[in-house]
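Reading through the structure tokens given below for one structure.
The values are calculated or read from the model by the stated rules, or taken from the named source; none is laboratory data. This is a predicted model, so every value here is computed, not measured. All Cβ positions, even for glycine, are placed from backbone atoms using ideal geometry, and neighbour counts span all protein chains on display.
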Amino acid sequence: MSGTLRSGQVAAAAGVHVQTLRYYERRGLLPAPARSNGGHRLYGEDAVTALRVIKAAQRLGFTLAEVADLLAAGRRRRGGTAGRTAAGLGDRAAAKLAEINARIADLTTVRTALAAAVEAGCDDLAVCASHPRCPFPFAAPGGGR
């Protein structure tokens with residue numbers, strides 16, 4: 001691929017739907033493309049790269065709003081206008097890593113409780129909840145079990 005690409009070509013090259021491409025344009029993640037004389041959207045190779053970057057960031061757990069902020073911070077840095085308060089990829093990746101680690105810890109707790117319920121043979125939630133050895137963390141009034 002080289003030169004100018006149309007929507008379908010860009011979407012196919014990046015592995016997304018054309019609707020996704022247009023949605024990202026509306027959200028401001030991608031700049032508005034040039035138009036042909038016939039009104040077709042025309043993109044450069046950089047649009048394929050941008051789409052791949054967006055999708056990779058999403059797979060890493062970043063929301064589209066976070067991706068938009070990262071892209072804007074990158075543009076500011078490349079333009080020489082980044083301030084000290086603009087968090088770059090390193091800072092945001094560290095924060096996302098902490099968030100993911102917290103989620104893993106929560107999921108590990110849930111996994112442990114579910115494994116204990118399976119091992120205990122719990123078949124009825126109401127019966128299990130009233131049993132003193134119930135593995136589920138039901139909160140009793142007053143904060144106790």
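Couple of notes before you dig in:
- Subset of segment 65-83 (residues that are on the phi < 0 side of the Ramachandran plot and either touching a residue at least 40 places away in the same chain (Cβ under 8 Å) or assigned to a loop (DSSP other than H, G, I, E, B) (or both)): Ala68, Leu71, Gly79, Thr81, Ala82, Gly83
- Residue in segment 22-37 that is at pLDDT 95 or above and surrounded by fewer than 13 Cβ atoms within 10 Å (Cβ to Cβ) present: no
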